[in-house]
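Beneath this line is the structure, given in structure tokens, with notes to follow.
Just so it is clear, none of the values below were taken in a lab; they were calculated from the coordinates. None of these values were measured; they are calculated from a predicted model. For neighbour counting, all protein chains shown are included, and Cβ atoms are generated from backbone atoms with ideal geometry for every residue, glycine included.
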Amino acid sequence: MEIIEKYFPELTSIQKERFAALPQLYAEWNQMINVISRKDVENIMLHHVLHSLSIAKYISFKEGSKIFDLGTGGGFPGIPLAILFPESDFTLVDGTGKKIKVVNAIIESLNLTNAKGLHARAEEIKGKYDFVVSRAVAKVDQLIHWSRRLISNNQQNRLPNGLIALKGGNLVEELKLLPKWEYYEVTPISNYFSEPFFEEKNIVYIQG
């Protein structure tokens with residue numbers, strides 16, 4: 001919990017309680033259904049929760065924003081962001097039913113009324129969202145292909161609606177897969193967090 005409060009010192013008591021509950025909840029569920037690497041369970045706050053919250057350093061979602069977490073896996077980045085932005089609405093989607101079972105169980109345990117998990121493929125979703133967020137799901141050209149039809153034309157945040165993806169490693173070749181007319185930004189997470197874990201991790205924003 002200290003690592004979260006280090007970078008987010010203005011948390012409310014309920015936010016602190018919810019973040020503090022995550023390690024135990026994931027440890028218990030991960031013994032039954034493997035949603036994160038077993039060696040990562042003890043590093044969940046740094047490797048998963050804080051990593052997810054890097055998006056909150058890049059953009060502060062306005063009240064009423066609708067966020068779509070594409071390929072949420074065990075609930076990242078959606079669940080940490082839903083805790084931090086209680087006035088925004090989060091839809092967490094994954095094609096693996098057992099992962100969504102865990103996601104919804106954790107959402108229920110936390111009493112997170114602004115988040116829900118859906119067992120579906122991105123192609124099956126019909127809603128419109130301000131932002132699509134994603135972590136380590138696919139290459140950026142595939143992500144924007146899946147995301148674009150989900151992105152609303154109604155703008156309410158300081159950043160134009162689009163895709164925000166958490167990506168690791170050297171992105172030079174991957175970004176060449178995007179058409180030349182795409183507008184994108186790459187922001188090193190080390191701009192926000194000083195831990196060595198984040199040194200080669202980035203936020204990639206592609207305008208919708």
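For the stretch 85-92, just list the computed ³J(HN,Hα) in residue order, Karplus coefficients 6.51, -1.76 and 1.60, θ = phi - 60°, integers in Hz, with x standing in for Gly and Pro.
10, x, 9, 10, 10, 10, 10, 9
Which residues' amide hydrogens lie under 5 Å from the amide hydrogen of GLY117, considering only partners 5 or more residues apart or on another chain, with H built in the peptide plane?
Result for GLY117 returns LEU92.
Across the chain, where is the longest run that never hits trypsin sites (Lys or Arg not before Pro) in a DSSP loop with at most 14 other C-beta atoms within 10 Å? Kindly include the intermediate steps, with their values, before the conclusion.
Values: sites that count: LYS62, ARG121, LYS126, LYS128, ARG158, LYS176, LYS180.
That gives 1-61 as the longest site-free run.
For the stretch 106-139, which GluC sites (Glu not before Pro) pass both filters: DSSP loop (anything but H, G, I, E, B) and at most 14 other C-beta atoms within 10 Å? It would help to have the intermediate numbers written out before the result.
Details: sites: GLU108, GLU123, GLU124; in loops: none.
Sites meeting the loop and neighbour criteria: none at all.
In whole Å, how far is the Cα centre of the stretch 27-74 from that of the stretch 182-208?
Centre-to-centre (Cα) distance: 16 Å.
If you count the DSSP beta bridges with both ends in the chain, what percent of them are antiparallel, to the nearest 5? Please list the in-between numbers first.
Details: 12 of 31 bridges.
For the chain, the DSSP antiparallel bridge percentage is about 40.
Based on DSSP H runs of at least 4 residues, each adding -39500 (n - 2.57), what is the mean residue ellipticity at 222 nm of the chain after dividing by all its residues, to the nearest 500 deg cm²/dmol?
Details: 7 runs with 67 residues, N = 208.
Value at 222 nm, helices only, nearest 500: -9500 deg cm²/dmol.
Explain nothing, just the number: dipole magnitude of the stretch 2-207 about its Cα centre with +1 on each Lys and Arg Cβ and -1 on each Asp and Glu Cβ, in debye rounded to the nearest 20.
Working: 24 positive and 24 negative charges, 111 e Å.
Charge dipole of the stretch 2-207: 540 debye, to the nearest 20.
Relative contact order for the stretch 1-101: what percent, with Cα pairs under 8 Å and sequence separation of 6 or more? Provide the component values of the computation, followed by the final result.
Details: 105 pairs, mean separation 26.3, N = 101.
Computed value for the stretch 1-101: 26 percent relative contact order.
Tell me the relative contact order for the stretch 2-207 as a rounded percent, counting alpha carbon contacts under 8 Å between residues six or more apart. Mind showing how you got there, number by number?
Numbers: 342 pairs, mean separation 35.5, N = 206.
Worked out over the stretch 2-207, it gives 17 percent.
Shape of the chain from its Cα gyration tensor (a ≥ b ≥ c, root eigenvalues): rounded if a/c is under 1.5, otherwise prolate when a/b > b/c, or oblate? Let's see the in-between values first.
Details: a/c = 1.39, a/b = 1.27, b/c = 1.10.
Since a/c stays below 1.5, the shape of the chain is classed as rounded.
Apply the Karplus curve 6.51 cos²θ - 1.76 cosθ + 1.60, θ = phi - 60°, to the phi angles in the stretch 53-64 and return the couplings in whole Hz, x for Gly and Pro.
6, 4, 4, 6, 7, 7, 8, 9, 5, 6, 3, x
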